[in-house]
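Okay, structure first, notes after.
The values are calculated or read from the model by the stated rules, or taken from the named source; none is laboratory data. Since the model is a prediction, treat every value here as computed from it, not as a measurement. Please note: Cβ atoms are built from the backbone with ideal geometry, for glycine as well, and neighbour counts cover all protein chains shown. These area figures cover heavy atoms from the full protein model, side chains too; ligands, DNA and RNA do not enter into them. Shrake-Rupley method; radii C 1.70, N 1.55, O 1.52, S 1.80 Å.
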Amino acid sequence: MSTTAASPTMAGTATDEEAVLAADTFDRMAAAIESAARCAPATVRLVLTAFATGGHVLLEDLPGMGKTTLARALAAVTGGTSRRVQCTPDLLPSDITGVTIFNERSREFEFHPGPVFANVVIVDEINRTSPKTQSALLEVMQEEQVTVDGTPHPVPRPFLVAATQNPVEMEGTFPLPEAQLDRFLMRLTLGYPGEEAELALMRGGSLTAPGDLSPVLDAAEAARLGEIAGRVSVAEPVYEYALRLAQRTRRHPGLRAGVSMRATIALCRAARMHALADGRAYVTPDDVKALVPPVWGHRLVPLSGPAGADEAAELLDGVLAEVPAPGPHENPR
């Protein structure tokens, strides 16, 4: 990184110095976002963890809770470009991905990119658009490209979809299919702000506008964070702990299906970045515990139907309580 990380090292385990400098970057990004969005600091850090990991975030809550403001603030502090899509029932797939138009002057077809061609794409109220349009995001979220008329078009990197949705029990919404939910690294709920924070807003307390925030890092620095996280150490007992948790969800009597292999891989990737954000070059069981609810909650398939955030959290709290974590002597660096 130009200002926030040590010089590149040879391939191997991340160093303590790299971890400390990366944690400083996270702290500065989190402070900037919190100046524009009144939400829990832990939620802000989880959103940043997802971004730096290269994952997508689904923000689920009631209207007016600050979901879009948080996503816009993230786009501002991480540099690059950002675009916003307001989902409506009549939105078409081509409105998101782009379209090929015939140019009469050149006598050739030209591709006109849609709003997904940005570093941070804010998809507002994603569950208010039709399943056909929702599915248009599947390829770009997984492959970081869109295919139009048989031609692939890569999107800029880093690439993050920050989607917001209202709870599915509200009128006029279309529940996201399980295949699309699995493309999101995390599902987060902002919840109501604290009393002091809400009183400040009621009194007209000023917040920094997301558009006034200055970038804390650029695309190259974001890629560098991901490279360092890939070298964060994970001891074998920690891997085995994550696997036991996954296997417990697959045998849970209240679930029709537990988490997939993609979910266990995503958990380990996110745990590396979570440790790095805390200034450590190694993962602990606590990193795994902190990430199981946001990374796995939306991937569960209960017998009763799609799991809401509260139901998923309760199920996973039970799983975490039933599976013993390795002790300090079992997870050396």
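Based solely on its DSSP helices, what 222 nm [θ] is calculated for the chain when runs of n ≥ 4 H residues each add -39,500 (n - 2.57) and the sum is averaged over all residues, nearest 500 deg cm²/dmol? Please list the in-between numbers first.
On the way: 12 runs with 142 residues, N = 333.
Computed mean residue ellipticity for the chain: -13000 deg cm²/dmol.
For Val85, list long-range residues whose amide hydrogen, built 1.01 Å from N in the peptide plane, is under 5 Å from its own amide hydrogen.
For Val85, whose amide H was placed from the backbone, the distant partners under 5 Å are Ile122, Val123, Asp124.
Once amide H atoms are placed 1.01 Å from N in the peptide plane, what residues at a sequence separation of 5 or more from Leu190, or on another chain, have their amide H within under 5 Å of its amide H?
Glu60
What does the accessible area per residue of the chain come to in Å², with a 1.4 Å probe and no ligands, DNA or RNA counted?
I get 46 Å² per residue for the chain.
Can you figure out the FRET efficiency of Glu17 with Arg262, using R₀ = 30 Å and their beta-carbon distance, to the nearest 0.05? Present the calculation step by step, with values, prior to reporting the outcome.
On the way: r = 33 Å, r/R0 = 1.09.
Rounded to the nearest 0.05, the efficiency is 0.35.
Enter the Cα centre distance for the pair region 241-294 and region 105-126, rounded to the nearest angstrom.
34 Å
Counting Lys +1, Arg +1, Asp -1, Glu -1, what net charge surrounds Glu196 among other residues with beta carbon under 15 Å of its beta carbon?
-1
Once you order the gyration tensor axes a ≥ b ≥ c over the Cα atoms, which shape class does region 118-207 get: rounded for a/c under 1.5, otherwise prolate or oblate by comparing a/b with b/c? Write out the running numbers ahead of the final one.
Values: a/c = 2.87, a/b = 1.78, b/c = 1.61.
It is prolate, given that a/c is not under 1.5 and a/b is the larger ratio.
Roughly how far apart, in whole Å, are the Cα centres of region 28-102 and region 182-200?
One Cα centre to the other: 13 Å.
Under 1.5 on a/c is rounded, so check that first for region 184-312, then, if it is not, pick prolate when a/b is larger than b/c and oblate when it is not; a ≥ b ≥ c are the square roots of the alpha carbon gyration tensor eigenvalues. Walk me through the numbers on the way to the answer.
Values: a/c = 2.43, a/b = 1.26, b/c = 1.94.
Oblate shape, in that a/c is at least 1.5 and b/c is the bigger or equal ratio.
So for the chain, taking the charge dipole from beta-carbon charges (+1 Lys/Arg, -1 Asp/Glu), which of Val323, Thr68, Pro115 sits furthest toward the positive end?
Val323
Go ahead and run the numbers for FRET between Val99 and Ser135, Cβ-Cβ distance against an R0 of 22 Å, rounding to 0.05. All intermediate terms of the calculation are to be shown ahead of the outcome.
On the way: r = 17 Å, r/R0 = 0.76.
With a Förster radius of 22 Å, E is 0.85.
So what's the Cα pair-distance distribution over region 25-106, bin width 10 Å, in %?
Percent of pairs per bin, in order: 14, 40, 26, 13, 6, 1.
With a ≥ b ≥ c taken as the square roots of the eigenvalues of the C-alpha gyration tensor of region 1-137, please select rounded if a/c is under 1.5 and otherwise prolate if a/b is larger than b/c or oblate if it is not?
Details: a/c = 2.73, a/b = 1.51, b/c = 1.81.
Note, shape of region 1-137 comes out oblate.
Round to a whole number: what % of the accessible area of the chain belongs to carbon and sulfur, probe 1.4 Å?
On the way: 8330 of 15420 Å².
Percent of accessible area from carbon and sulfur atoms in the chain: 54.
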